[in-house]
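The values are calculated or read from the model by the stated rules, or taken from the named source; none is laboratory data. Here the structure is a predicted model, which is why all the values come from computation and not from measurement. Cβ placement follows ideal geometry from the backbone for every residue including glycine, while neighbour counts extend to all protein chains displayed.
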Amino acid sequence: MELLRLFIALLSIWGVSSSGVTIGITPYSLPIYSQYHAQDILGQYAYGYATPTSTKSETKSANGVTVGGYSYLDSFGILQTVRYFADPIHGFRVAATNLPQDLPDVALAKAQHLAEFQATQSERAAIAAHYTNPIVVPVSQVKKIELLPTPVQDLPEVVKARAEHLAKFQATQAEHAALAAHSATPVPVQDLPEVARAKAEHLATFEAIKARDASQVVVSPLPAHISAPVVAPAAIPYYSYVPAIPLLPSSQYHAQDGIGQYSYGYVGPLSSKSEAKTADGITRGGYSYLDARGEIQTVSYISDPVNGFRVAATNLPVAPEVLLKGPSASAKIVAPVAPTI
């Protein structure tokens with residue numbers, strides 16, 4: 001029995017030592033507490049978000065400067081923070097807690113190199129300080145050595161390649177000259193019989209139409225008097241079919257959070273819109289635009305789970321008035337009145 005217990009204890013110790021480090025991986029994404037985004041037509045923008053384990057924000061101004069940062073919990077549960085800046089002059093710069101650090105041997109090598117560099121720099125500075133030239137020789141006493149440039153001699157393979165190239169060039173030049181001497185004057189292309197016949201038929205048809213159009217057209221005289229009722233044409237409404245030109249919005253925004261609330265909108269030269277939804281499920285919004293007649297049309301709407309969708313607008317259709325036929329209940333019967341003389 002004691003041997004069995006000892007065997008089980010050894011197996012448990014072996015399993016713990018061989019299991020290693022277990023890293024947990026979350027199989028689902030964490031909810032977003034809040035997030036926002038806004039931009040304009042000048043290229044400026046700002047956005048960001050926040051979750052239980054990470055956050056981020058970034059902004060860009062009209063002068064091209066981008067500033068942002070983010071933070072997160074790494075696999076060891078340590079908060080890591082990164083801040084970065086970018087502009088057209090200094091480029092991209094970053095400051096973070098997770099930048100790689102030098103290993104001990106790399107740090108030692110850097111220190112040794114810096115020490116050797118400083119020692120060499122000090123040694124050269126000492127030599128330069130104590131250097132003197134006690135012997136002064138006039139320039140006229142210095143012997144001049146004239147070195148004439150020596151022409152470069154081609155290697156044997158280079159000489160052979162040049163000769164072969166020159167021979168091929170001369171042979172090709174002589175061949176082209178012979179062909180040019182024996183070339184005859186180019187003969188114009190002759191039309192096939194069917195092409196010539198088609199050209200003649202086309203020319204005859206063209207001349208006939210030209211003669212017909214040039215002939216005088218006699219128009220019969222119009223009658224002097226025409227008696228007919230003149231009816232004014234009824235005014236028919238028309239609509240412009242000019243294709244719409246897309247206009248860029250002058251500003252727009254959008255924001256939302258993790259519980260379903262949001263708000264967005266935009267403003268343009270000819271239209272605008274805004275809409276917001278709260279946590280209780282109520283949606284409110286509205287928009288306005290210029291119609292084809294240049295009139296401003298405005299629409300406001302609200303929607304909730306109790307009353308449904310309701311709208312108030314200036315462009316809602318209006319039913320025509322209904323005229324009742326026949327005598328009404330309040331009509332009075334009047335006796336005919338004799339004419340007076």
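Table: residues versus (1) modelled with pLDDT of 75 or more; (2) part of a helix (DSSP H, G or I); (3) in contact with a Leu (Cβ under 7 Å, 6 or more places away or on another chain).
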| residue | (1), (2), (3) |
| --- | --- |
| 190 | yes, no, no |
| 197 | yes, yes, no |
| 206 | yes, yes, no |
| 210 | yes, yes, no |
| 224 | no, no, no |
*asked:* So residue 277 ticks every box in (1) modelled with pLDDT of 90 or more; (2) more than 19 Å from residue 36 (Cβ to Cβ) but one. Which box is left unticked?
replied: (2)
*Based on what the data block shows, is residue 283 of a type in the set (Ser, Thr, Tyr), surrounded by 13 or more Cβ atoms within 10 Å (Cβ to Cβ) and at pLDDT 95 or above?*
yes
*Going through the stretch 274-320 one residue at a time, which ones are touching a strand residue (DSSP E or B) at 6+ places or on another chain (Cβ under 8 Å), small (Gly, Ala, Ser) and closer than 18 Å to residue 261 by Cα?*
274, 276, 281, 285, 286, 303
*What tally of residues in the stretch 80-106 results from selecting those that are loosely packed, with under 10 Cβ neighbours inside 10 Å and assigned to a strand (DSSP E or B)?*
2
*Would you confirm whether any residue within the stretch 105-120 is modelled with pLDDT of 90 or more, more than 24 Å from residue 39 (Cβ to Cβ), outside the structural domain of residue 44 (by the TED database) and hydroxyl-bearing (Ser, Thr, Tyr)?*
yes
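Kindly provide the set of residues from the stretch 293-310 that are surrounded by 11 or more Cβ atoms within 10 Å (Cβ to Cβ) and within 17 Å of residue 271 (Cβ to Cβ), ordered by number.
296, 297, 298, 299, 300, 301
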*What are the residues in the stretch 45-62 that are in a loop (DSSP other than H, G, I, E, B) and surrounded by 14 or more Cβ atoms within 10 Å (Cβ to Cβ), if any?*
51, 61
*asked:* Quick check on residue 76: is it surrounded by 10 or more Cβ atoms within 10 Å (Cβ to Cβ), outside any strand (DSSP E or B) and without any contact (Cβ under 8 Å) to a residue 12 or more places away in the chain?
replied: no
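Could you please find all residues in the stretch 273-299 being among the hydroxyl-bearing types (Ser, Thr, Tyr), assigned to a strand (DSSP E or B) and within 18 Å of residue 253 (Cα to Cα)?
Filtering the stretch 273-299 for residues among the hydroxyl-bearing types (Ser, Thr, Tyr) gives 274, 278, 283, 287-289, 298.
This time we only want the ones that are assigned to a strand (DSSP E or B), so: 274, 283, 287-289, 298.
Across the stretch 273-299, the qualifying residues are 274, 283, 287, 288.
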*Residue that is farthest from residue 34 (Cα to Cα) [pool: residues in the stretch 44-102 that are under 25 Å from the mean Cα position of the chain (by Cα) and of a type in the set (Val, Ile, Thr)]*: 89
